[in-house]
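Below you'll find the structure, written out as structure tokens, and then a few comments.
None of the figures in this text is laboratory data; all of them are computed from the coordinates on show. Not measured: the values here are computed from a predicted model. Note that we place each Cβ from the backbone using ideal geometry, even for glycine, and neighbour counts take in every protein chain shown.
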Amino acid sequence: MKIPASPSVAHQPLALVNGRLVDGAKHDGERGGVLILDGRILDIGEGVEPRSLPVHARVIDCGGDLIAPGLVDLRVFVGEPGAEHRETIASASAAAAAGGVTTILARPDTSPPVDDPAVVDFLLRRARDTARVKVLPCAALTQGLRGEEIAEIGLLRQAGAVAFSDGARPIVNSRVLRRALSYARDFDALVIHYAQDPDLAEGVMNEGEFATRLGLSGVPREAEAIMLDRDIRLAALTGARYHAPLVSTTLSLEIIARAKDAGLPVTCGASINHLTLNESDIGDYRTFLKLAPPLRREDERRALVAALASGLIDVIVSDHNPQDVETKRLPFAEAEDGAIGLETMLAAGMRLVRSGDVPLRRLIGALTQRPAEILGLPQGRLEVGAPADLIRFDPDEAYVVDPATLRSRCKNTPFDEAVMEGRVKLTLVDGRIVHDQE
């Protein structure tokens with residue numbers, strides 16, 4: 001291991017020592033450290049300790065905290081362009097850094113939508129100038145997100161788009177989606193499609209007894225399953241890579257399981273909200289828990305958790321969707337869907353570890369390695385040569401979620417005043433410290 005002796009800060013080695021290493025591949029909590037040079041992991045393991053380091057290295061003692069890869073979030077609304085009153089790339093990336101998220105995939109349903117190479121370029125330049133973390137553009141599948149004509153997938157990919165989606169808008173026309181999948185296959189591009197039949201999904205919460213008691217219209221599970229089943233059949237027909245960003249029902253899990261058993265290039269995700277909350281948490285019309293898809297029954301939530309533990313669900317997303325006061329402080333049926341989640345995703349996920357339902361290593365893998373693999377990114381793991389996108393995380397530090405302290409411009413967190421355990425103390429992107437609690 002040869003380390004340059006240059007005292008330059010730009011080339012100064014940084015070492016995280018006295019930690020516990022955890023990722024989704026090799027490390028499961030063993031003691032050790034990570035040595036970083038020029039933005040990459042130079043060495044890792046128990047041999048990284050103060051006495052083995054050069055004198056000019058900067059050393060951070062982690063005091064037994066976890067050292068893990070930075071989180072990769074595949075579903076984030078960043079606000080720009082057009083909705084800067086809700087969020088900006090700067091504020092979203094600050095929230096991400098505080099939550100241990102080092103890479104975010106920006107949704108394309110902005111104003112204007114990301115359906116033109118110039119908008120992709122705008123996002124990349126804004127991220128370069130204002131973001132603390134890596135912001136990757138997800139481009140639109142159809143022009144204007146209208147679901148009628150497919151976007152210029154080749155040009156958008158060439159401009160820097162890493163995936164294609166119409167955000168929260170499902171493509172109803174099967175012919176259009178088939179063409180989009182076929183073009184995406186030719187460019188080896190990932191298609192992310194929100195499976196929800198808009199004609200069936202006209203309600204405001206999960207269909208069932210609880211909705212009836214609250215006097216609210218319901219969304220049946222079939223609204224998701226019917227569209228997802230169609231999508232999988234089209235993915236099989238075209239051979240395209242397909243990702244379902246938000247599955248929330250056992251019906252959807254059965255469809256995904258059949259697709260994977262058939263060897264199709266299909267993956268799926270679930271939001272941290274659907275993994276840790278259920279419809280009963282809505283309580284007395286709490287609009288911060290009005291989501292799309294809606295929160296489901298407890299038995300459905302538990303099925304999602306089991307699917308996560310088994311690997312059927314590939315990734316966890318925050319589904320970060322800031323909404324301002326004017327759109328949330330309304331009667332439940334009139335409020336906008338969505339909740340913020342970048343800062344609380346990891347701590348909320350630790351609830352599943354403490355309950356014994358999901359091993360820590362599996363949780364971290366679903367937040368880091370697996371989403372990075374789906375996007376074809378080199379980060380998301382602790383190994384020599386990988387980008388030094390890392391976090392120091394104390395899984396036992398308790399705190400109360402105070403919306404006033406959250407970095408997002410909007411404060412619509414479903415975990416308002418909840419007691420959380422788990423605090424991100426340090427976040428690094430390419431070896432640079434972008435968040436330091438201390």
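Sorting GLU207, GLU397 on the 10 Å Cβ count, fewest up front, what's the list?
In increasing order of surrounding Cβ atoms, one gets GLU397, GLU207.
Taking a spot 7 Å from the Cα of ARG128 along the direction of its beta carbon, which residues of the stretch 356-386 have an amide N less than 17 Å from it?
Counting only backbone N, you get no residues.
With θ taken as phi - 60° and the coefficients 6.51, -1.76 and 1.60, list the Karplus ³J(HN,Hα) couplings across the stretch 397-410 in order, rounded to whole Hz; mark glycine and proline as x.
6, 8, 7, 9, 5, 10, x, 5, 9, 6, 7, 4, 5, 9
Give the percent of DSSP beta bridges with both residues in the chain that are antiparallel, rounded to the nearest 5.
About 50 percent, rounded to the nearest 5.
Return the aspartates and glutamates within reach of LYS260: Cα separation strictly under 16 angstrom, same-chain partners fewer than 8 residues apart disregarded; answer none if there are no such residues.
LYS260 reaches ASP229, ASP231, ASP314.
Kindly give Rg over Rh for the stretch 131-219, based on alpha-carbon atoms, with the Kirkwood expression for the hydrodynamic radius.
Radius of gyration over Kirkwood radius for the stretch 131-219 works out to 1.13.
Please list, short to long, the whole-number percent of alpha-carbon pairs of the stretch 326-371 in consecutive 5 angstrom bins beginning at zero.
Pair shares across the bins are 5, 19, 19, 15, 11, 9, 12, 9, 0.
Could you tell me which GluC sites (Glu not before Pro) in the stretch 129-164 are loop residues by DSSP with no more than 14 other beta carbons within 10 angstrom of their beta carbon?
Passing sites in the stretch 129-164 are GLU148, GLU149.
Any idea what the relative contact order of the chain is, in percent, if you count C-alpha pairs under 8 Å spaced at least 6 apart?
Answer for the chain is 19 percent.
Tell me, in nm to one decimal, what length is gained between ASP402 and ASP28 on full extension, where the rule is 0.36 nm per residue of separation less the Cα-Cα distance?
131.5 nm
Which lysines have a Cα lying under 26 Å from the Cα of LYS328, excluding residues fewer than 8 positions away in the same chain?
Answer for LYS328, where 26 Å is the Cα cut-off: LYS290, LYS411, listed by chain and number.
Could you grab the relative contact order for the stretch 110-240? Cα pairs under 8 Å, six or more apart, rounded to a whole percent.
With pairs under 8 Å counted, the relative contact order is 20 percent.
Sort the stretch 69-375 into rounded, prolate or oblate with this rule: let a ≥ b ≥ c be the square roots of the eigenvalues of the Cα gyration tensor; rounded if a/c is under 1.5, and if a/c is not under 1.5, prolate when a/b is larger than b/c, oblate otherwise.
rounded
So what is the relative contact order of the stretch 18-59, in percent, for Cα pairs below 8 Å that sit 6 or more residues apart?
28 percent
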